[in-house]
Amino acid sequence: MRKKLLFGLLFAAMTAGAVKMKPGINIIKQADGTTITVRAYGDEDLSYFLASDGTLLYQEGTNFYIAGVKADGTLYSTGVLAHEPSMRTIKEISAIKAQNAKAFYNSMETQAKANKVRREPMTPDNSLLPSLGKHKIPVILVEFSDVEFSVENPKATFDKYLNGKELFNKETDPEMGQNYASVAKYFKDMSFGKFEPEFEVYGPVNLGKPLATYGAGYSSEENMGLLLTDACTAVDDEVDFTQYDSNDDGNIDLIYIIYAGFSQSIAGNSTDCIHPKSGYLSLAKSFDGMDVKRYGVNNELNGTPADQANGPIINGIGLFCHEFSHCMGLPDLYPKSGSIAEACINQNMDYWSLMDAGEYTANGYRPTAYTAWERERLGWMEIGTLTGPSNVELKSLDEGGAAFRIYNDKDETGHEYYIVENVQNNGWNKNLFGNGLMVTHVDYLSSQFSLGGCKVNNTGGHPRMHVMAADGMFVPEYFLGSTIEDSYITFLKEHNADLVAKYGGQVFSIEDYKAEAAGDLFPGTSNATSLTDDSQPMKAWTYNGETMGKPITDITNDTEKGIVSFKFMGGGEPVDGINEVTVNKTTDSHVYSISGTYMGNDINSLPKGIYIRNGKKVINN
């Protein structure tokens, strides 16, 4: 009966993106009163848990058991409660010996792909939330028969959380927890005032059903269609949904739900919880003649129930900002759970991007600021191009600085390049683990940068957007808490040789991770003052051609002034702003609708009409 009901409610659902499991080491209290160290990996398509020694665990409710592995590689609970290695019983040891971990790891990519079948990428004509101008977005506060909001006055609290105009003060805004500022201020700051979302808060409404109805078990069982239908129905009498269609296409631009309780993306929370996500769906039911299409969902509280001993701790805005960014068209930049890429060094962005792990920076209370690429993608700035010898000085983007591309001339498509920008430890980026010149290597392919599937950095050894680590080795948070050792997979054994040489046999600690991150930007802890075809420890490498042939030298980072400087191709004319740089217009193929929605890069694939490209109206016949 339930299957028939769901089919009637939900015609099609596609998840555009989600958040990765929160990185790091988690200390979980078990049912018998003992605690166990747990590391969480993956996202909503495939998540898994490991004990401190790498033993596979299986979560049921809020407890962790020794996992069993079926012949097809899928996991199940053995019913044997897990303990720290030094406290294990004979029964646990026997269950671990029977655990065929290799079968699980070999099947991970297949399992993730199987879950992703229902989550195909969105095509360019799917209406994204416009990223320019002022737009009203309805936010529905939802609670359940067994889980209600814990914060006082949820509507007023989340109105401030979403719409606050000024920086939060811990003394005068205690209900905001450790949040630096509101969601609206984050996006106004990121867009330089070009995008100002206005969130209109409704509820809270109690859906009269338990949380497990919408979140039970793993994410493949979650039913966003049912949640959206029930939530919109509950507020239908007080909401005029027609006011939320900014482009008159008959679809509500976006419905966002904040639900009572915790996130499934944090180890230790019940499997009844919902995993924060955003996506595109079609409901059988319309509201005020408007169709529900795009949605976003995340939770009320940060951490786990064990963290709330002194009162409710409101969630950091990072998860909301990450999911909201998907609604405007930004893809996930972390490698997919189950891929070889997930276990690679030199593969991704980690905390340097909101669309990777940056939603968790400072526990999500001060999420990482947008990179230059992300801001340009949404039409908020234009990245210049360095073409000849110059002396460059850069402020950070949030201080009015520029960012520049350095193209690989051997790539005839014009899609392989470096982006250089200044990242300092102030404002939204105060809690990052390093500062200096960030060099991002991009190998752009539109199909891989589309929403859905974590495709950007999902090919091991061929990331398409990653940080060029100044110290020669970018170590992702994937390795946190794990013992570094050779992989049985030949590719990983060769690819991660530098990691094993440095940390082999050691547990990679949070201190190790911070030290590695401090060396990511130039000059960094290794005092790397150049990036050339033969520089060490990091050289300028490319996919197309053997060398870049465009040296960056004499890199300095004046943290007092917040200025990064360098010589490009030997130095020459001074450059300190975008107006003094050649801007390569021909390579900017970003297409926007009249209302400011990013529509992709291939205008020929779009319906006939008027679009904006390079700041000008273009008629597509």
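Any read-out appearing in this document is the output of simple, stated calculations on the displayed coordinates, not a laboratory observation. Everything numeric here is computed off the predicted structure, so don't read it as measured data. Neighbour counts are summed over all protein chains in view; Cβ atoms, including those assigned to glycine, are modelled from backbone coordinates with ideal geometry.
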- Query: How far is it, in nm, from the label point at Asp248 to the one at Lys97 when both lie 7 Å from their Cα along the line to the Cβ?
  - Reply: 7.4 nm
- Task: Beta carbons within 10 angstrom, averaged per residue: use that to sort the peptides 450-456, 142-148, 331-337, highest first.
- Result: 331-337, 450-456, 142-148
- Full-extension gain in nm, Asn425 to Asp291, via 0.36 nm per residue minus C-alpha separation: 43.9 nm
- Calculated FRET value between Glu485 and Glu238, using beta carbons and R₀ = 51 Å, to 0.05: 0.30
- Gyration tensor verdict on the range 462-552 (Cα atoms; rounded if a/c is under 1.5, prolate if a/b is larger than b/c, oblate otherwise): oblate
- With 23 Å as the limit, write out which pairs from Lys430/Lys561; Lys455/Lys539; Lys395/Lys567; Lys134/Lys160; Lys155/Lys430; Lys170/Lys194 have Cα-Cα distances beyond it, or answer none. Lys455/Lys539; Lys155/Lys430; Lys170/Lys194
- Note on the structure: So the FRET efficiency between Ala216 and Lys155, C-beta based with R0 = 22 Å and rounded to 0.05, is 0.20
- Note on the structure: Expected unfolding gain across Glu166-Thr35 under the 0.36 nm per residue rule, minus the alpha-carbon gap, is 43.1 nm
- Message: Only counting other Cβ atoms within 10 Å, I'd like Ser191, Ser286 sorted with the fewest neighbours first.
- Response: Ser286, Ser191
- Message: How high is the relative contact order of the range 340-587? Use alpha-carbon pairs under 8 Å, at least six apart in sequence, and give a whole percent.
- Response: 25 percent
- Query: If one computes the Cα centroid of the range 423-495 and of the range 238-255, what distance in Å separates the two points?
  - Reply: 38 Å
- Could you compute the FRET efficiency for Lys502 and Glu148, with r as their C-beta to C-beta distance and R0 at 41 Å, rounded to 0.05? 0.25
- Message: Can you give me the long-range amide H partners of Asn408? Hydrogens built in the peptide plane at 1.01 Å from N, cutoff under 5 Å, separation of 5 or more residues or another chain.
- Response: Glu416, Tyr417, Tyr418
- Note on the structure: For Asp520, Asp288, ascending order of other Cβ atoms within 10 Å (fewest first) is Asp288, Asp520
- Note on the structure: When Thr34, Thr213 are ranked with the fewest other C-beta atoms within 10 Å first, the list becomes Thr34, Thr213
- Note on the structure: Those GluC sites (Glu not before Pro) from the range 408-448 that are DSSP loop and have at most 13 other Cβ neighbours within 10 Å turn out to be Glu412
